[in-house]
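Visitor: This is the structure I have questions about; it appears just below.
The values are calculated or read from the model by the stated rules, or taken from the named source; none is laboratory data. Since this is a predicted model, take the numbers as computed values, not measurements. Every residue, glycine as well, gets a Cβ built from its backbone with ideal geometry; the counts of neighbours run over all protein chains shown.
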Amino acid sequence: MNEWRPKRFWKTAEVTEAEGGFAVTLDGRPVRTPGKHLLVVPTRAMAEVIAAEWNAQGETLRPETMPFTRAANTAIERVSVHKAAVVEELARYGASDLLCYRAEEPAGLVERQSQGWDPILAWAAMVLGTPLNVTKGIVPVAQDPQSLAALADRLGTFTPFQLTGFHDLVTITGSLVLALAVAEGRLSPEEAWHLARIDETWQIEHWGVDDEAAQAEEVRHQDFLSAARFFRDCG
């Protein structure tokens, strides 16, 4: 049975100025979120991407091809309402950040992690004013409460729209530190992506590529880049 999809009912999506930012209209009618809120975003750049997503639709609506529209809906309906809870959820990643858990062997992987991750942890310690602790293996390492509090304070300065993009940067990589480095301009999205995949790259180099896994990773890669662009376009 084919999945039912709503049919396209508009000819042209356009960007217009609105109270609090910029809106997208379909043949002059404003786009609304699933909860019927006006879809108003903080910058024209973001609104233009959303309008392009609507204009790119064919005869039927395909939400999976509209990541900016989905993210804006989330920012308006969920993150803006539950900002404190989102900040708390993301801050918890600092207690088990990917960059803090290192391989014990082989030596080549240990060195690659150290070369890639140590400079970013050093940068984060400088930015936050307190370091994160590193361990080997999978045994949990306790983090200084001051470090976690500093991370939470940093996230608290983000707007709901920024937090929406930042959320995906964190959850896709498993690293709050890498996400923060992208948000602060310390790393490009591609640099952060490759640092997040040091272990996977090592495995591929030694054991070869699994085609199915590679396809899934490329989807995650594109989702990560989209989240980084969404964060950037918040202004």
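Visitor: Criterion first (surrounded by fewer than 19 Cβ atoms within 10 Å (Cβ to Cβ) and in contact with a helix residue (DSSP H, G or I) (Cβ under 7 Å, 6 or more places away or on another chain)) does residue 197 satisfy it?
Guide: Numbers: surrounded by fewer than 19 Cβ atoms within 10 Å (Cβ to Cβ): yes; in contact with a helix residue (DSSP H, G or I) (Cβ under 7 Å, 6 or more places away or on another chain): no.
No; evaluated as a whole, the condition is false for this residue.
Visitor: Against the definition (touching an Asp or Glu at 6+ places or on another chain (Cβ under 9 Å), in the same structural domain as residue 107 (by TED's automatic domain parsing) and within 18 Å of residue 132 (Cα to Cα)), how does residue 181 come out, yes or no? Step through it out loud before you land on a result.
Guide: Details: touching an Asp or Glu at 6+ places or on another chain (Cβ under 9 Å): yes; in the same structural domain as residue 107 (by TED's automatic domain parsing): yes; within 18 Å of residue 132 (Cα to Cα): yes.
Criteria met by residue 181.
Visitor: OK, next. Would you point out the residue of the range 56-91, among those that are part of a loop (DSSP other than H, G, I, E, B) and touching a Ser or Thr at 6+ places or on another chain (Cβ under 9 Å), that is nearest to residue 143 (Cα to Cα)? Working first, answer last.
Guide: As a first pass, look at the range 56-91 and keep what is part of a loop (DSSP other than H, G, I, E, B): 56-59, 61-62, 66, 80-82.
Still in the running and touching a Ser or Thr at 6+ places or on another chain (Cβ under 9 Å): 56-57, 80.
Numbers: 56: 46, 57: 47, 80: 29 Å.
So the residue we want is 80.
Here is a yes/no grid of residues against (1) in contact (Cβ under 8 Å) with a residue 40 or more places away in the chain; (2) of a type outside the set (Lys, Arg); (3) surrounded by fewer than 19 Cβ atoms within 10 Å (Cβ to Cβ):
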site: 58; (1), (2), (3): yes, yes, yes
site: 62; (1), (2), (3): yes, no, yes
site: 66; (1), (2), (3): no, yes, no
site: 73; (1), (2), (3): yes, yes, no
site: 76; (1), (2), (3): yes, yes, no
site: 81; (1), (2), (3): no, yes, yes
site: 90; (1), (2), (3): yes, yes, no
site: 93; (1), (2), (3): yes, yes, no
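Visitor: Within the set of pairs 6+ apart or on separate chains, which have a first residue in the range 5-19 that is not assigned by TED's automatic domain parsing to the domain that holds residue 41, a second that is loosely packed, with under 13 Cβ neighbours inside 10 Å and among the polar types (S, T, N, Q), and C-beta atoms under 7 Å apart?
Guide: So the pair list comes out as 5/60; 6/60; 7/60; 8/60.
Visitor: Quick one: is residue 117 surrounded by fewer than 18 Cβ atoms within 10 Å (Cβ to Cβ) and within 22 Å of residue 196 (Cα to Cα)? Can you show your working first?
Guide: Working: surrounded by fewer than 18 Cβ atoms within 10 Å (Cβ to Cβ): no; within 22 Å of residue 196 (Cα to Cα): yes.
In short, no.
Visitor: Among the residues of the range 92-140, which ones are under 12 Å from residue 181 (Cβ atoms) and assigned to a loop (DSSP other than H, G, I, E, B)?
Guide: 97
Visitor: From the list 81, 41, 86, 49, exactly one residue is under 30 Å from residue 144 (Cβ atoms) and within 23 Å of the chain's Cα centre (by Cα). Which is it?
Guide: Numbers: 81 fails: under 30 Å from residue 144 (Cβ atoms); 41 fails: under 30 Å from residue 144 (Cβ atoms); 49 fails: under 30 Å from residue 144 (Cβ atoms).
Just a single option satisfies the conditions, and that option is 86.
Visitor: Now a separate question. Take the residues of the range 215-235 that are surrounded by fewer than 12 Cβ atoms within 10 Å (Cβ to Cβ) and over 30 Å from residue 20 (Cα atoms): which is nearest to the chain's Cα centre (by Cα)? Reasoning before the result, please.
Guide: Going residue by residue through the range 215-235, those that are surrounded by fewer than 12 Cβ atoms within 10 Å (Cβ to Cβ) are 215-216, 218-219, 222.
Subset that is over 30 Å from residue 20 (Cα atoms): 215-216, 218-219.
Values: 215: 19, 216: 17, 218: 15, 219: 13 Å.
Among them, the one singled out is 219.
Visitor: Restricting to the range 137-157, give me the number of residues that are more than 28 Å from residue 103 (Cβ to Cβ) and among the small types (Gly, Ala, Ser).
Guide: 3
Visitor: Of all residues in the range 11-51, which are assigned to a loop (DSSP other than H, G, I, E, B), of a type outside the set (Ser, Thr, Tyr) and surrounded by 15 or more Cβ atoms within 10 Å (Cβ to Cβ)?
Guide: The first filter runs over the range 11-51 and keeps only residues assigned to a loop (DSSP other than H, G, I, E, B), leaving 11-12, 19-20, 27-28, 31, 33-37, 39, 42-43.
Next, from what is left, pick out any that are of a type outside the set (Ser, Thr, Tyr): 11, 19-20, 27-28, 31, 34-37, 39, 42.
31, 39, 42, listed by residue number.
Visitor: Checking the condition free of Cβ contacts under 8 Å to residues at least 24 places away in the same chain, over 17 Å from the mean Cα position of the chain (by Cα) and in the same structural domain as residue 169 (by TED's automatic domain parsing), which residue from 106, 30 passes? Before you say what the answer is, go through the steps one by one.
Guide: On the way: 30 fails: in the same structural domain as residue 169 (by TED's automatic domain parsing).
Answer to the selection: 106.
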